[in-house]
Amino acid sequence: MNDNATWTLSASDGELLLHTGVTGTAARVGHRLTIAMRSWEATVFWEGDGAGAEPVKAELTIDIDSLEVVGSEGGMTPLSGAEKTLIRNNALKLLRARRFPQARFVSSDIERDGDIVRMHGAFELFGKVRDHVLEVRIDDGVISGQTVVRHSDYGIKQYSMLIGAMKVADDVRVTFTATHRAAR
């Protein structure tokens, strides 16, 4: 890697998935969803050369309208295509995707310990910006990690049914894996 290299990654290089849970007295009737974000871009800025190169800044932009329900666990019956479309439409409405079309993370400080990189920064979602820490592993051009984003931290109302007896859990686990093209 040369001085001041930049990695640009997108959905064609990997996947960004959201994993939801369900809570409430009727949680067993709800589906735990896996949602793929089909349009996103991450940029990692590096300084240094070769093995001494260090990531110094990272940015991630996610297009909210690109969400797609790709899997589910639990529930009384498997999800149909029509139900997946309904879930997508409900999520876009709750996230006010027309008003807030993107989510964005920008690092302000990066600490590296071997292949583990901890990025402190600001995450913007639903028009609100909160401090957030992302921890990822960088190994031979493959970046992977996970974090938790809470509905309540951003003022997002959790989807509920059955007069609130079943609702989407506050914590949404986000997983990310991408391979830099030069590493392929």
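The values are calculated or read from the model by the stated rules, or taken from the named source; none is laboratory data. The structure presented is a predicted model; accordingly, all values stated were derived computationally and were not measured. Methodologically, a virtual Cβ is constructed for each residue, glycine included, from the backbone with ideal geometry; neighbour enumeration extends over all protein chains shown. Quick note on the areas: whole protein, heavy atoms, side chains included, nothing else; ligands and nucleic acids left out. Shrake-Rupley method; radii C 1.70, N 1.55, O 1.52, S 1.80 Å.
Quick notes on this one:
- Check on ILE138, open to solvent by 80 Å² or more (accessible area, probe 1.4 Å) and of a type in the set (A, V, I, L, M): no
- For region 73-88, residues that are in contact (Cβ under 8 Å) with a residue 24 or more places away in the chain and surrounded by fewer than 15 Cβ atoms within 10 Å (Cβ to Cβ) total 3.
- For region 65-87, a residue qualifies if it is out of contact with any strand residue (DSSP E or B) (no Cβ under 6 Å at 6 or more places or on another chain) and either at positive phi or part of a helix (DSSP H, G or I) (or both), and the qualifying residues are ASP65, GLY81, ALA82, GLU83, THR85, LEU86.
- Checking each residue in region 1-41 for being closer than 19 Å to ILE110 by Cβ and in contact with a Phe, Trp or Tyr (Cβ under 8 Å, 6 or more places away or on another chain) picks out MET1, ASN4, ALA5, THR6, TRP7.
- Screening region 117-184 for strands (runs of 3 or more DSSP E) wholly inside it with 2 or more residues that are closer than 21 Å to ARG32 by Cβ returns the ranges 142-150, 166-168, 171-179.
- All of LEU67, LEU60 fail the test of being open to solvent by less than 70 Å² (accessible area, probe 1.4 Å), touching a Phe, Trp or Tyr at 6+ places or on another chain (Cβ under 9 Å), within 30 Å of TRP7 (Cα to Cα) and at pLDDT 95 or above, apart from LEU60.
- Filtering region 100-158 to residues that are in contact with a His (Cβ under 6 Å, 6 or more places away or on another chain), in contact (Cβ under 8 Å) with a residue 40 or more places away in the chain and closer than 16 Å to THR175 by Cβ leaves nothing.
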